[in-house]
Amino acid sequence: MNNIKSNSVLIKGMNPLSGTVSAQGSKNATLPILSALPLLPEVELYNVPDLSDIHEMLSILKHLGATYTFDNGHLSMNLENLQNNDVSFEFTSKMRASSLFMGPLLSRFGKSTVGMPGGCVIGSRPLDIHLLGFEHLGATVDNNNGIITSALKDGKGLEGEFTLSFPSVGATQNLISASVFSPSTVTLHNVAIEPEVLEMVNFLNKAGADITLKDHNTLVIKGVPKLNKVTHSIQPDRIEVFTLLVAGIVSKGSVTVVNCEPEHLSSPLQALVQMGAKIELGDGSITASYVGKLEGIKVQTGVYPSFPTDCQQQISVAMLHAETPSVLIEKVFNSRFRHLDELQKMGAKIKIENNVAVIEHSDLSFATLDSFDLRGAASMILAGLSSTGITKVSSLHYLYRGYEGFVEKLNHLGADISYV
Ligand code: UD1
């Protein structure tokens, strides 16, 4: 991996960023596709971001017997000799997405044994919807001290209908891959339709699956006997793109991101426009510019196409620079405001009550900050870019889970950030 330099950075703030950078491939699109690879014999993936989370997933695939090369965004993998090894806590404690191996292993081998996952500390993250779906569609599920064993009854594949109680991204992905080899049809209602979910559907269909989205949030999965080798390029990372655009605005500059898909960011871009930033869309590019005072707004996170929870921490930094107060309501996770406590060390004026934060205009000054989660780490760097003095942000291993060469991209745009 080439993007880990150090676990801390020093950021000299108040440099207006300007220029153009390119979006990385999407982390959240790549992870579920990697987890679904046990369904295929072989794959060629392009635009795969070089991130610690990707390497964790690759180590699980290696443990299962996959052989691969990964170089410069190109992953070439053979999965013909896969074995149904247990995916133990050793692998799953590090990341939530490891739970996405349950469905594909269940599909390919009729049984999967996977430890309960870890991941970023952003609230309770149960798997009840995933497991209820497996059971409802015809598998047995056994939880032995956090080791989950799912098995097909009499080796018979999943079939029938299941309605998710909440459109969970991960549960939708796990249930899709668990159903690909159904002996008949699986219909999933109230599914997540995030671009990363639809990319996984598109990827599996290219490999020979038969999955159709109906009425906006129903997926009909007609079983097929096998999937084939496929070549696929990963979509741009909409969350990284948004983070870079906010960096342009909070530094009072202008940043263009190319190789991105503006339509994936409608709601967050609308929020920036409402705040008074200038947003210009091109063919696969977005420019965000600071053009005068920002206004406070109300943002509530929700499932796609609402404002994504993964952009909430970044926009909170823009809200600190608005002339009027903003209200930020987190509806997806129950503990995703810890970064705001940290930003208060810089003089941020924020009142938090449960999942509602009222954010007032604040003159940020340097501080020493410690990150707790991926997007929180990015938001602290954004705050450092827009504060006086030199801010230190540490525990950057969280940042490297999701951003490839983030510091280098910001420095290319004119930031003054150094590793320590
Ligand atoms: C994925 C994304 C993550 C993003 C989130 C919401 C990846 C690798 N991660 O995470 O970046 O923030 O979608 O867009 O793609 N829930 C349950 N029971 C379940 C499953 C989920 O209660 O069985 C709850 C969670 O606790 C959470 C909410 O549903 O409060 C959303 O979770 P979910 O959509 O599943 O997110 P992830 O797939 O974990």
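The values are calculated or read from the model by the stated rules, or taken from the named source; none is laboratory data. Computed from a prediction, not measured in an experiment: that's the story for all the values here. Don't worry about glycine lacking a Cβ; one is built from the backbone with ideal geometry, like all the others, and counts go over all protein chains shown. What goes into the accessible areas is simple: the full protein's heavy atoms, side chains included, and nothing from ligands, DNA or RNA. Shrake-Rupley method; radii C 1.70, N 1.55, O 1.52, S 1.80 Å.
Give me the percent of accessible area attributable to carbon and sulfur for the chain, probe 1.4 angstrom.
Working: 7700 of 15730 Å².
Ligands and nucleic acids excluded, carbon and sulfur reach 49 percent.
Compute the relative contact order of the chain as a whole-number percentage, counting only Cα pairs closer than 8 Å that sit 6 or more residues apart in sequence.
Values: 1017 pairs, mean separation 89.7, N = 420.
Rounded, it is 21 percent for the chain.
Rounded to the nearest whole Å³, what is the per residue volume of the convex hull around the Cα atoms of segment 51-169? Don't skip to the end; give the middle numbers.
Working: hull volume 14.9 nm³, N = 119.
Considering the Cα atoms of segment 51-169, their hull volume per residue is 126 Å³.
Helix 266-275 against the longest principal axis of the chain: what's the angle in degrees, Cα atoms only, rounded to the nearest 10?
Once rounded, one gets 10 degrees.
Roughly how big is segment 1-60's charge dipole about its Cα centre, with Cβ charges of +1 (Lys, Arg) and -1 (Asp, Glu), in debye to the nearest 20?
Computed about the Cα centre, the dipole is about 380 debye.
Just 88, 107, 99 to compare: in a GNM of the chain, with alpha carbon springs under 10 Å, which one fluctuates most?
Evaluated over the chain, the most mobile residue of the options is 88.
Once you place label points 7 Å from the Cα toward the Cβ at residue 135 and residue 210, how far apart are they in nm?
Using points 7 Å along Cα→Cβ, the separation is 3.1 nm.
Scan around residue 369 for amide H atoms under 5 Å from its own, H built in the peptide plane at 1.01 Å from N, and keep only partners 5 or more places away or cross-chain.
392, 393, 394
Once the convex hull of the C-alpha atoms of segment 286-420 is built, how many Å³ does it hold per residue, rounded to a whole number?
Each residue corresponds to 118 Å³ of Cα convex hull volume.
Cα-based Rg (one decimal) and Dmax (whole number) for segment 222-373, in Å?
17.3, 61
Using a ≥ b ≥ c from the Cα gyration tensor of segment 35-96 (square roots of the eigenvalues), is it rounded, prolate or oblate, where a/c under 1.5 gives rounded and otherwise the larger of a/b and b/c decides, a/b for prolate?
oblate
How high is the relative contact order of segment 56-172, in percent, with contacts defined as C-alpha pairs under 8 Å that are six or more residues apart?
20 percent
Give me the one-decimal nm value for the distance between modelled label points at residue 233 and residue 370, 7 Å along each residue's Cα-to-Cβ direction.
4.3 nm
Radius of gyration and Dmax for segment 214-267's Cα atoms, expressed in Å?
Considering segment 214-267 through its Cα atoms, Rg and Dmax are 17.8, 55 Å.
Can you compute 3J(HN,Hα) from phi for each residue in segment 178-192, using the Karplus curve 6.51 cos²θ - 1.76 cosθ + 1.60 with θ = phi - 60°, rounded to whole Hz and x for Gly and Pro?
5, 9, 4, 9, 3, x, 9, 9, 10, 10, 10, 9, 6, 7, 6
Would you mind getting the accessible area per residue of the chain, heavy atoms of the protein chains only, 1.4 Å probe, in Å²?
Per residue, the chain has 37 Å² of solvent-accessible surface.
Can you run phi through the Karplus equation (6.51, -1.76, 1.60; θ = phi - 60°) for segment 247-262 and list ³J(HN,Hα) in whole Hz, with x for Gly and Pro?
4, x, 6, 6, 8, 6, x, 8, 10, 10, 10, 9, 6, 10, 10, x
Relative to 2.2 N^0.38 Å, what does the C-alpha radius of gyration of the chain come to as a ratio? Two decimals please.
Output field value: 0.98.
Take every DSSP beta bridge with both residues inside the chain and express the antiparallel ones as a percent of the total, to the nearest 5.
The antiparallel proportion sits near 70 percent.
Excluding residue 68 itself, calculate the net charge of residues whose Cβ lies under 13 Å from the Cβ of residue 68, where each Lys or Arg counts +1 and each Asp or Glu counts -1.
Net charge in that neighbourhood comes out at -3.
For segment 16-156, give the share of DSSP beta bridges that are antiparallel, in percent and rounded to the nearest 5; count only bridges with both residues there.
Here the antiparallel bridges make up roughly 95 percent for segment 16-156.
For the chain, modelled as a Gaussian network with Cα springs under 10 Å, which listed residue fluctuates most, 334, 78, 202?
334
For every helix of n ≥ 4 consecutive DSSP H residues, a contribution of -39,500 (n - 2.57) applies; sum these over the chain, divide by its total residues, and give [θ] at 222 nm rounded to the nearest 500 deg cm²/dmol.
Helices in the chain give a 222 nm mean residue ellipticity of -8500 deg cm²/dmol.
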